[in-house]
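The values are calculated or read from the model by the stated rules, or taken from the named source; none is laboratory data. A quick note: this is a predicted structure, and the numbers were derived from the prediction, not measured. We place every Cβ from the backbone using ideal geometry, glycine too, and count neighbours over all the protein chains shown.
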Amino acid sequence: MAEPNALVASIPETVPFVGPEQLMREHGLRECLRLGANESPFGASPLAVAAMRDELARIWCYGDPQSHELREALARTHGVAMESLLVGSGIDDLMGLIVRAFTAADDAVVTTLGTYPTLEYHVVGYGSRAIAAPYRPDGRVDLDALLDLARKHEAKLLYLANPDNPSGTFATKDDVCRLIDALPAATLLMLDEAYADFIAPHDVGIDLDDRVIRLRTFSKGYGMAGARIGYAMTTPRHISALQKIRLQYGVNRIAQVGALAALRDTAFLQSVIDETARGRSDYEALASRLGIGTIPSSTNFMLFDCGTEERAHRVLAALLRRGVWIRKPGAPPLNRYIRATVGTKAMRVAFADALEAVFVEVAA
Ligand SMILES: *Cc1c(COP(=O)(O)O)cnc(C)c1O
């Protein structure tokens, strides 16, 4: 009988992300308040939506394998050469290419325990080894501990999500530059900037060199998670390595057109950033009404302190019974928090009502 190879056979059958669609089926819900995946409920730019709708008639064509026009526009936006850019079907896709290109069996990859899980998913899938440093007691990423592990295990990759998910915290440009300067010679920094659109550009513009690959996406601030499009920025030399193994037709044509239009609509992106900041203030106000703590967030989501992990699980379950879908971090010290995405004003009001009711219920 045909069998998968030993590596694949050894991977446990876990589901890394249980989607809201599955939870709704299981709980017999017809709708839910969807605040669990940090998608942008403000949607995509109307210009991007119009461009994608117009492009649909040409759906019989493959996309441009070079994503030439989009890379041209991205090069202008970031002030980098086109040869420094590679477009993929989201950061999740690009991360897989990087793990595949830069690690071999049993190589060490350093990450934070409980951070965004797709990195580890690829590490397991390609047979390298994830080594994780816990978050600091204040919930921030421990850059010194990551560096120590990278040195100790001669890591090939060091993963840093900045801003981080699920903590929502942000390490300054100076801190990241110091980290890069202290990296062991053989360690490459995989800098996941999925939420960088919520940070002022001059605070994230790390210069490109062979020690770092920056990853960006249209899924969060640009509100195009379903389109599956993102990009990597690094030196032409590293881009060439990734070129050798990427799927030439892996990027959706509609997504390419949408991303290009979205990039031009800077006013729309600014409106999302502004409303997200107002949403974070609303969530801070909600937490203080409930008398609970939060962790200051630089993103489009926020953590609410439920006191204990057990209580956080009960709050999550009680919210789901009310049709509110959010998630929670899995590792200490963040596992006693729940994580909610910033919704539209109406969604925020509905979430606040539900959370206040649930806190009464769970306290009782
Ligand atoms: C949402 C998220 C991603 C996913 O990006 P895609 O481009 O949609 O694949 C990557 N990294 C982090 C930290 C995220 O929160």
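Residue count for the range 1-56 under the criterion of being of a type in the set (D, E, K, R) and closer than 15 Å to S219 by Cβ: the result is 2. Residues being within 16 Å of the ligand (Cβ to nearest atom), more than 30 Å from R129 (Cβ to Cβ) and basic (K, R) are entirely absent from the range 20-28. Filtered by the rule that a residue be closer than 18 Å to E120 by Cα and away from the ligand (no atom under 15 Å from the Cβ), the range 147-157 gives L147, L149, A150, H153, E154, A155, K156.
Every test in (1) within 16 Å of the ligand (Cβ to nearest atom); (2) β-branched (V, I, T); (3) touching a strand residue (DSSP E or B) at 6+ places or on another chain (Cβ under 8 Å) is passed by V80 save one, and that test is (1).
Can you report the number of residues in the range 32-67 which are loosely packed, with under 13 Cβ neighbours inside 10 Å, in a loop (DSSP other than H, G, I, E, B) and without any contact (Cβ under 8 Å) to a residue 12 or more places away in the chain? Number of matching residues: 1.
Take the conditions (1) assigned to a helix (DSSP H, G or I); (2) modelled with pLDDT of 95 or more; (3) over 28 Å from G223 (Cβ atoms); V358 misses just one of them, which is (3). Just so you know, in the range 284-312 the residues that are out of contact with any strand residue (DSSP E or B) (no Cβ under 8 Å at 6 or more places or on another chain) and polar (S, T, N, Q) include one that is surrounded by the most Cβ atoms within 10 Å (Cβ to Cβ), and it is T299. The conditions are (1) within 16 Å of the ligand (Cβ to nearest atom); (2) free of Cβ contacts under 8 Å to residues at least 40 places away in the same chain, and M224 fails exactly one of them. Which is it? Against the list (1) within 16 Å of the ligand (Cβ to nearest atom); (2) free of Cβ contacts under 8 Å to residues at least 40 places away in the same chain, M224 comes up short only on (2). Consider the range 271-327 and keep the residues that are within 18 Å of A346 (Cα to Cα) and among the small types (G, A, S). The one that is modelled with the lowest pLDDT is G323. Just wondering, is there one or more residues in the range 15-29 that are touching a Gly at 6+ places or on another chain (Cβ under 9 Å), on the phi < 0 side of the Ramachandran plot and of a type in the set (K, R)? No - not one qualifying residue is present in the range 15-29. Looking at G88, G43, just one residue is within 16 Å of the ligand (Cβ to nearest atom) and closer than 16 Å to A261 by Cα, and that residue is G43.
Here T187 meets the list (1) buried (at least 19 other Cβ atoms within 10 Å of the Cβ); (2) under 18 Å from the mean Cα position of the chain (by Cα) almost entirely, failing just condition (2). The helices (runs of 4 or more DSSP H) falling completely within the range 83-161 that include 1 or more residues that are within 17 Å of the chain's Cα centre (by Cα) and polar (S, T, N, Q) map to 118-126. When L215, L188 are checked against the criterion of being under 21 Å from E69 (Cα atoms), of a type outside the set (D, E), touching a strand residue (DSSP E or B) at 6+ places or on another chain (Cβ under 9 Å) and touching a residue at least 24 places away in the same chain (Cβ under 8 Å), a single residue qualifies: L215. For the structure I just gave you, tell me whether R214 is within 16 Å of the ligand (Cβ to nearest atom), out of contact with any helix residue (DSSP H, G or I) (no Cβ under 7 Å at 6 or more places or on another chain) and not in a helix (DSSP H, G or I). Considered against the rule, which asks whether it is within 16 Å of the ligand (Cβ to nearest atom), out of contact with any helix residue (DSSP H, G or I) (no Cβ under 7 Å at 6 or more places or on another chain) and not in a helix (DSSP H, G or I), R214 comes out as yes. If you go through the range 1-31 and pick out every residue that is out of contact with any Leu (no Cβ under 8 Å at 6 or more places or on another chain), at pLDDT below 90 and not in a loop (DSSP other than H, G, I, E, B), you end up with 6. When restricted to residues that are modelled with pLDDT under 95 and either under 21 Å from A259 (Cβ atoms) or in a helix (DSSP H, G or I) (or both), the range 183-207 contains 5. Beta carbons closer than 8 Å, at least 6 apart along the sequence or on distinct chains, pair a first residue in the range 252-278 that is farther than 11 Å from L47 by Cα with a second that is in a helix (DSSP H, G or I) and of a type in the set (F, W, Y) for I273/F198; T276/F198. With respect to D142, is the statement that it is in contact with a Lys or Arg (Cβ under 6 Å, 6 or more places away or on another chain) and of a type outside the set (F, W, Y) true? Judged against the criteria, D142 is a match.
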